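Q: Please find one structure pasted underneath; my questions will follow.
Read the figures in this text as sums done on the coordinates, not as results from a lab. All figures in this text were calculated on a predicted structure; none of them were measured in a lab. Methodologically, a virtual Cβ is constructed for each residue, glycine included, from the backbone with ideal geometry; neighbour enumeration extends over all protein chains shown.
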Amino acid sequence: MSKLHEILSGLVCLACFIIEYVRSGAGGIVYVLLHAIWPMLMIWFSDAIGSLTGMFIFGSIHPLSTETPGAVVRFFGWILLLGVLGLIIWNIRLVS
């Protein structure tokens, strides 16, 4: 199941790269790279990211004491990745 998520997310990310390259050239590739790196990491390495504990989140005084299930991390990675695709499509509509 994990391989399916990796393949589909790679295809979505590739579509983002192609759309942005056609729309705005090399600057578009940098835009997608900066915005899609975290969602892709969350999808591809969801179990490893979910198992991180003992870290402070955004300077909070409460450490992360329990693991997050990999499926939850992957779910939010998909939301972020589809959000990047949505913003790219939204920008195309605004420019056109």
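Q: Cα centroid distance between the stretch 77-96 and the stretch 7-22, in Å?
A: With the stretch 77-96 and the stretch 7-22 each reduced to a Cα centre, they are spaced 11 Å.
Q: If I take R0 = 22 Å and measure r between the Cβ atoms of VAL72 and ILE7 in this structure, what FRET efficiency does the formula 1/(1 + (r/R0)^6) give, to the nearest 0.05? Don't skip to the answer; put the middle values down first.
A: Working: r = 21 Å, r/R0 = 0.94.
It comes out at approximately 0.60.
Q: P(r) for the chain: what percent of alpha-carbon pairs falls in each 10 Å bin, starting at zero?
A: Bins of 10 Å from zero give 16, 39, 27, 15, 3 percent of pairs.
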